[in-house]
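Worksheet: the structure to be examined is printed underneath.
We did not get these values from a lab; they are worked out from the coordinates using the rules stated. Given the structure is predicted, the values throughout are model-derived calculations rather than measurements. We place every Cβ from the backbone using ideal geometry, glycine too, and count neighbours over all the protein chains shown.
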């Protein structure tokens, strides 16, 4: 398990992948942007960018300010996080595997020349042209499927069904501005309650449930941007553990890794 793996992105799906790879003994480095707009912060290694370090299900991620220190840390039990959204360090550290877990719904520069095995999660990639393998990210029968020739299903803009709800689960900014939190991740919420404000404009819950994800307080957002997620299943533990979706996708990444090795 000496293959160095770079994971682009530190959101909840990328974290689920990095977590599984690290548990299986692979050295992993996370690359993130300077101000990640992550929603499921309690299960995202991206939170280390703001907090210095974070722990998800027993595995710690820690922010490092240089490539050399991060490379030394991969030999420890820590997952190092580097601020390098463009992936500039990839050509310098020569990883064996690059996983694009940004989930931007489009390719932000990942290509097959980055490593012997390059894996893209979700829509925006075509195998084997852009990447060597694509992992299906849409909830349903094919979630986590490894695609060696073709692309993942296109983004429909409709979130997956959880507890009978789709778009109602999401919290979106009604205007451009700064987020001011009233509730926090893990809090119970009732339909019609205010979860947060954006430049003073309230953001209301559309359903009853528990706040599973909420963008960091003080974040700058644009109108219509997804800034939170309500879970109608009322299981507080789901807010602080890796999701079924992330686990399925991480299994697909692991499968692709071995296929491409």
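Could you give the length gained on full extension between residue 35 and residue 68, defined as 0.36 nm per residue of separation minus the Cα-Cα distance, in nm?
Extra length available between residue 35 and residue 68 comes to 9.7 nm.
Once both axes come from the Cα atoms, what is the angle between helix 12-23 and the longest principal axis of the chain, in degrees from 0 to 90, rounded to 10?
40 degrees
Mind ranking 39-46, 84-91 by how tightly packed they are, going by the mean number of other C-beta atoms within 10 angstrom, highest first?
39-46, 84-91
How many percent of DSSP beta bridges within the chain run antiparallel, rounded to 5?
55 percent
Taking R0 as 25 Å, what FRET efficiency do you get between residue 77 and residue 50 from their Cβ-Cβ distance, rounded to the nearest 0.05? Don't jump to the answer; show the numbers that get you there.
Values: r = 22 Å, r/R0 = 0.87.
It comes out at approximately 0.70.
Based on the Kirkwood radius over alpha-carbon pairs, what is the Stokes-Einstein translational diffusion coefficient of segment 1-140 at 25 °C with 0.890 mPa s viscosity, in µm²/s?
Numbers: Rh = 14.6 Å.
In µm²/s, the coefficient rounds to 168.
Report the relative contact order of the chain, percent, no decimals, based on alpha-carbon pairs under 8 angstrom and at least 6 residues apart.
19 percent
Among 182, 30, rank each residue by its count of other Cβ atoms within 10 Å, from fewest to most, as a rough exposure measure.
182, 30
Mind giving me the nanometre distance, one decimal, between the label points for residue 129 and residue 108, set 7 Å out from Cα along Cα→Cβ?
That separation, rounded to one decimal, is 2.2 nm.
Please report 96, 12 as a ranked list, fewest other C-beta atoms within 10 angstrom at the top and most at the bottom. Write down the numbers at each step before the final one.
Working: 96 17, 12 27.
Fewest-to-most Cβ neighbours within 10 Å comes out as 96, 12.
At 7 Å along the Cα-to-beta-carbon direction for both residue 255 and residue 57, put a label point, then send me their distance in nm to one decimal.
So the label points at residue 255 and residue 57 sit 1.8 nm apart.
In 10 Å bins starting at 0, how do the alpha-carbon pair distances of segment 61-143 split up by percent?
Per 10 Å bin, starting at 0, the Cα pair percentages come out as 17, 43, 31, 9, 0.
Using the alpha-carbon atoms, what tilt in degrees (0 to 90, nearest 10) does helix 244-260 show relative to the longest principal axis of the chain?
On a 0 to 90 degree scale, this one is about 10.
Quote the relative contact order of segment 167-232 in percent (integer), defining contacts as alpha-carbon pairs under 8 Å separated by 6+ residues.
On the way: 172 pairs, mean separation 28.4, N = 66.
43 percent.
Using the number of other C-beta atoms within 10 angstrom as an exposure proxy, rank 132, 141 with the fewest first.
Numbers: 132 21, 141 7.
By the 10 Å Cβ count, ascending: 141, 132.
If you line up the Cα atoms of segment 167-232 on their principal axes, what length do they span on each, largest first, in Å?
Between the extreme Cα coordinates on each principal axis of segment 167-232 lie 27, 19, 15 Å.
Can you compute the helix-only [θ] at 222 nm over the chain? Use -39500 (n - 2.57) per DSSP H run of at least 4 residues, normalise by all residues, nearest 500 deg cm²/dmol.
Values: 5 runs with 44 residues, N = 261.
Per the formula, -4500 deg cm²/dmol.
Between residue 237 and residue 168, what is 0.36 nm times their sequence separation minus the Cα-Cα distance? Round to one decimal in nm.
Here the segment from residue 237 to residue 168 would lengthen by 22.7 nm.
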